[in-house]
Amino acid sequence: MKRSILSVCFLALAAIPAVASDVRLDSYRNPKNESFRNFNQLYLDGVKSGLMAYNARIKSQGGQQAFCMPANLVLTVEQAEDIMLRRADKTAAKGDMLVSILLLAGLRDTYPCEKPESR
């Protein structure tokens with residue numbers, strides 16, 4: 001019974017086309033309308049959450065984190081947007097640059113990790 005339910009679930013998921021796409025800087029800065037602006041912020045919030053979750057996973061496994069935020073900081077989507085846009089301006093990023101890459105680079109700039117001491 002469980003096997004048949006799983007099979008049906010997999011078939012249903014395979015039938016659904018993938019609609020997600022990457023958001024580029026130009027479309028983020030110049031949304032077509034209010035709905036697109038809202039979508040862009042939801043997208044950025046998801047990217048932020050994903051990067052933070054991945055970073056926490058790396059830390060829990062003893063690996064080198066990509067960025068080191070203060071433990072008591074709760075990063076809002078508005079702060080993430082500011083970090084991402086500052087990075088875009090700092091590097092004169094082109095309009096086709098991915099927002100996710102800009103946010104990661106901005107988080108690295110804003111919250112750098114201490115380098116391990118060389119022996």
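Distances between placed amide hydrogens fall under 5 Å for TYR111 paired with CYS68, all partners being 5 or more residues away or on another chain. Each residue of the stretch 68-81 was assigned a 3J(HN,Hα) from its phi angle through the Karplus expression (A = 6.51, B = -1.76, C = 1.60, θ = phi - 60°), giving 10, 6, x, 4, 8, 8, 10, 7, 7, 5, 5, 5, 4, 4 Hz with x at Gly and Pro.
In terms of surrounding Cβ atoms within a 10 Å radius of their Cβ, LYS48, LYS94 rank from fewest to most as LYS94, LYS48.
Listed by Cβ neighbour count within 10 Å, with the fewest neighbours leading, LEU44, LEU73 appear as LEU73, LEU44. Calculate the tail of P(r) for the stretch 22-110: the fraction of all Cα-Cα distances greater than 15 Å, expressed in %. Considering the stretch 22-110, 58 percent of its Cα-Cα pairs are separated by more than 15 Å. Annotation: amide H of MET97 within the under-5 Å range of LEU25, ASP26, sequence separation 5 or more or interchain, hydrogens built in the peptide plane.
Computed from the coordinates by the stated procedures, all read-outs in this text should not be read as laboratory data. All values derive from a computational prediction rather than experimental measurement. Positions of Cβ are generated from backbone atoms using ideal geometry, with glycine treated the same way; all protein chains shown enter the neighbour counts.
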